[in-house]
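The structure under discussion appears below in the form of structure tokens.
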Amino acid sequence: MLAAARSQACRGLAENTALLRPLVDRFVAGETVDAVLAATAALTTDRLVTIDHLGEDTHDRAQADTVVDAYVTLLHRLGDAGLTERAEVSVKLSALGQALPGEDADKIALDNARRICAVAAEVGTTVTVDMEDHTTTDSTLGIVAELRAEHPWVGAVLQAQLRRTEDDCRALAGPGSRVRLCKGAYDEPLSVAYRDRHEVDSSYVRCLKILMEGEGLPMVATHDPRLVSIARHLAEANGRGPEAYELQMLNGVRPDAQQELAAEGLTMRVYLPYGTEWYGYFMRRLAERPANLAFFGRSLLSRS
Ligand code: FDA
């Protein structure tokens, strides 16, 4: 499934079948800015949101510029709609040029991310930089460090499945830092990653401890009820109220739990993707939970 997420042939097939649409719609807010603004307005009645303009692995500079323009438009529209206190954006550096051939790729991605951060600052919101596969970790953390020099509120993402992540948590647990901790959605080799689910979960708890004991804002991105409960205990043990950490979940995943946790007074942020380039994101969501395929199968049967 994760290999298919990067296959152009599978992508063409998937994009041309309307049968996938109901399942895609469960995770993705729609294809347009209007659609994502409507979804954001609805979600922000009780939760916070981080919006992702879908797209990754941009191999052409013009396409990277188009992605920046899309974020600039989105940010201005969020400002006009008065949503910037409750909604920020998430960006993937590979969509901004990090995956372009040539030595300038990191600089192009950094310059593009700077443009997005400048507009976010202007409209009064924040940006979190998503983490992609392990070959990009050093480059991504380097770019985040440069962005944070100008905008200390720029958020980083760390993946508990990577063996290096405890060290990265220590490096990023300082005052003012915003760190989203997730398990990791990429198929990584044993040399750099834990591949056993229990090992990933143990690593998640060790990383969470470091972030909760630190001075930044931990953003606990998981749908795993056991880890959510551990996060709540660790927050309490470290004297953190609901304003001093965030729980984060993906749009369409455990929505009832999202609402219940928000109703308890906890800070819950929903990762809300939109746009036409849904294929890679969608395939990673299928890979995370085989039951999603059963859901798809049932919807096919009910149509036949
Ligand atoms: P786990 O996969 O063990 O799931 C726990 C339970 O949650 C499942 O039993 C099921 O009930 C439910 N669940 C989980 N995924 C589901 C799905 N797709 N459909 C239906 N139910 C599901 N990764 C990354 O590599 N880089 C990144 O930048 C980000 N960013 C990010 C932001 C946010 C807000 C979240 C929540 C997640 C990410 N991720 C990510 C994805 C993350 O790495 C991971 O792949 C998923 O969150 C699934 O892992 P869980 O921690 O939820 O546990």
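The values are calculated or read from the model by the stated rules, or taken from the named source; none is laboratory data. All of these numbers come straight from a predicted model, not from anything done at the bench. Every residue, glycine as well, gets a Cβ built from its backbone with ideal geometry; the counts of neighbours run over all protein chains shown. Just the protein is used for accessible areas: all its heavy atoms, side chains included, with ligands, DNA and RNA removed. Shrake-Rupley method; radii C 1.70, N 1.55, O 1.52, S 1.80 Å.
List of remarks:
- Test: residue in region 192-204 that is among the hydrophobic types (A, V, I, L, M, F, W, C) and in contact with a Cys (Cβ under 7 Å, 6 or more places away or on another chain): no
- When Thr32 is tested against the conditions (1) touching a Phe, Trp or Tyr at 6+ places or on another chain (Cβ under 9 Å); (2) under 30 Å from Pro242 (Cβ atoms), the lone failure is (2).
- Within region 169-192, being of a type in the set (D, E, K, R) and within 16 Å of the ligand (Cβ to nearest atom) holds for Arg178, Arg180, Lys183, Asp187, Glu188.
- Restricting region 244-257 to residues that are open to solvent by 20 Å² or more (accessible area, probe 1.4 Å) and under 19 Å from the mean Cα position of the chain (by Cα), the residue that is farthest from Met283 (Cα to Cα): Pro255
- Residue within region 69-76 that is within 16 Å of the chain's Cα centre (by Cα) and either open to solvent by less than 30 Å² (accessible area, probe 1.4 Å) or at pLDDT below 95 (or both) present: yes
- Residues satisfying the stated conditions in region 258-270, i.e. more than 9 Å from the ligand (Cβ to nearest atom) and open to solvent by less than 30 Å² (accessible area, probe 1.4 Å): Gln258, Leu261, Ala262, Leu266, Met268
- Flag if Asp80 is open to solvent by less than 20 Å² (accessible area, probe 1.4 Å) and among the charged types (D, E, K, R): no
- Among the conditions (1) over 17 Å from the mean Cα position of the chain (by Cα); (2) buried (at least 21 other Cβ atoms within 10 Å of the Cβ), Thr40 misses just one, which is (1).
- Test result for Thr126, of a type in the set (Val, Ile, Thr) and either touching a strand residue (DSSP E or B) at 6+ places or on another chain (Cβ under 8 Å) or not assigned by TED's automatic domain parsing to the domain that holds Leu158 (or both): yes
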